[in-house]
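Asker: Pasting a structure here, questions to come.
The values are calculated or read from the model by the stated rules, or taken from the named source; none is laboratory data. What you are looking at is a predicted structure, and each value in this text was computed from that prediction instead of being measured. Ideal geometry is used to build each Cβ from the backbone, glycine not excepted, and the neighbour counts take in all protein chains shown. Areas reflect the complete protein model, heavy atoms only, side chains present, ligands, DNA and RNA absent. Shrake-Rupley method; radii C 1.70, N 1.55, O 1.52, S 1.80 Å.
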Amino acid sequence: MSIKLPASVRYVKNGRGGQWWQAAQKNRQVHLGWKANPKELLLRPDFPKIERLMRAHYGSRQGAMQDFNQLRDLLDNPSKHVWMTFEDGCMWWCTVRDGATVNPDGEGLERGNFWLVCERPWSNRSVNEKKLLAVPDLPGTVTTTAGFKGTVCTPKDWQAVLRIIQDKKDPDAAKAADARSDYEEAVQKTVKRLSPKDFEQLIDLILARTGWARISTVGKTREGIDIEAENLTAGEIAFVQVKSSANQKVLDDYVERFKKQRDFYARMIFAVHSLSGKLTPPADLPAVQLWTGDRVAQLVVRLGLGEWVESRLA
């Protein structure tokens, strides 16, 4: 479902250190200060008059225009922006209605001097609820706005904020992902043409780059096992079988061998680039991992082994 949102973004801080955030989130509001401004100017903004008052208040000190511009964003049709903030380890966003509401009790510890009422309430998920907007998962160009010292600003990468909220991919990142997918497909075709010896060496390289150290040398393992590898950090030894081609019967045979040696091997990796029919590892034995051609190609690309594979056929 496509939901139309405003085409611009403003960052807002609900009080110093987010002190009014709980009230803002609970009551679907954006809480602000500016208690020095007369109530009537917040309700019926006269921007030239507000600017004169702020210049008089600041005197020779700098910051009057920055302060004025922030307040203007809040009072001059704020519904034309998506409003966002950072709280509780997430990016939150909302939309608001035009027009301020002044706190009848005045600014306090729990509520601001005035607030805007949300049209769409604060949310820390994308517009279709698909993605949690957790700070560690957001681009640095977006999260850097959290360091802003004032109350309101236009995020430097506000386009990215809109894109993320709307579950849209960055066009350059999407183009790179498509190119990687095409490359993985080409690598998979190349892997299928490797000699059995080269394919075993490739699996050995993949293991080494993912934290597994080969115990026995190539071609010198105990009978029926191609590679024995150890992961020192996990304290595990793996039974690794490498096949250019295999069917379900071959896989089942090695699974049975693995079961008989579970006291020594923590897991089994069965690597095969060309399948004879569908291969299915046992559902009740997650320690058995099946590396088919597409998985091997993914690992080759992500581990930087593409040139090595290409050189085997050059």
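Asker: Among the residues in the range 222-241, are any at pLDDT 90 or above, outside any strand (DSSP E or B) and among the charged types (D, E, K, R)?
Answerer: No: the range 222-241 contains no residue that is at pLDDT 90 or above, outside any strand (DSSP E or B) and among the charged types (D, E, K, R).
Asker: Additional query: So Arg180 clears everything in (1) surrounded by fewer than 17 Cβ atoms within 10 Å (Cβ to Cβ); (2) at pLDDT 95 or above; (3) among the basic types (Lys, Arg) except one condition, right? Which one?
Answerer: Condition (2) is where Arg180 drops out.
Asker: Considering the range 7-20 alone, what residues qualify as being in contact with a Phe, Trp or Tyr (Cβ under 9 Å, 6 or more places away or on another chain) and either more than 21 Å from Val96 (Cβ to Cβ) or of a type outside the set (Ser, Thr, Tyr) (or both)?
Answerer: Here is the first cut: in the range 7-20, the ones in contact with a Phe, Trp or Tyr (Cβ under 9 Å, 6 or more places away or on another chain) are 8-15, 18, 20.
Selection gives Val9, Arg10, Val12, Lys13, Asn14, Gly15, Gly18, Trp20.
Asker: Condition first: out of contact with any helix residue (DSSP H, G or I) (no Cβ under 8 Å at 6 or more places or on another chain), outside any helix (DSSP H, G or I) and open to solvent by less than 20 Å² (accessible area, probe 1.4 Å). Can you find one or more residues in the range 70-84 that meet it? Don't jump to the end; show me each part of the working.
Answerer: Of all residues in the range 70-84, those out of contact with any helix residue (DSSP H, G or I) (no Cβ under 8 Å at 6 or more places or on another chain) come to 70, 73-74, 77-80, 83.
Still in the running and outside any helix (DSSP H, G or I): 77, 83.
Then keep just the ones that are open to solvent by less than 20 Å² (accessible area, probe 1.4 Å); that gives 83.
Checking the range 70-84: at least one residue is out of contact with any helix residue (DSSP H, G or I) (no Cβ under 8 Å at 6 or more places or on another chain), outside any helix (DSSP H, G or I) and open to solvent by less than 20 Å² (accessible area, probe 1.4 Å).
Asker: So, in the range 183-203, of the ones that are among the acidic types (Asp, Glu) and either open to solvent by 90 Å² or more (accessible area, probe 1.4 Å) or within 18 Å of Ala246 (Cβ to Cβ) (or both), which residue ends up farthest from the chain's Cα centre (by Cα)?
Answerer: From the range 183-203, those among the acidic types (Asp, Glu) are 184-185, 198, 200; that's our starting set.
Right, trim to either open to solvent by 90 Å² or more (accessible area, probe 1.4 Å) or within 18 Å of Ala246 (Cβ to Cβ) (or both) and you get 185, 198, 200.
On the way: Glu185: 25, Asp198: 36, Glu200: 35 Å.
Ranking the candidates gives Asp198 first.
The rows are residues; the columns are (1) surrounded by fewer than 19 Cβ atoms within 10 Å (Cβ to Cβ); (2) more than 30 Å from Asp182 (Cβ to Cβ).
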{"residue": "Ser244", "(1), (2)": "yes, no"}
{"residue": "Phe258", "(1), (2)": "no, yes"}
{"residue": "Arg262", "(1), (2)": "yes, yes"}
{"residue": "Ser274", "(1), (2)": "yes, no"}
{"residue": "Thr292", "(1), (2)": "yes, no"}
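Asker: Of all residues being out of contact with any helix residue (DSSP H, G or I) (no Cβ under 8 Å at 6 or more places or on another chain) and of a type in the set (Asp, Glu) in the range 224-238, which is least open to solvent (accessible area, probe 1.4 Å)? Just the residue, please.
Answerer: Glu228
Asker: Kindly indicate the residue of the range 100-113 that is in contact with a helix residue (DSSP H, G or I) (Cβ under 8 Å, 6 or more places away or on another chain) and assigned to a strand (DSSP E or B) and also nearest to Leu75 (Cα to Cα) among those meeting that condition.
Answerer: Ala100
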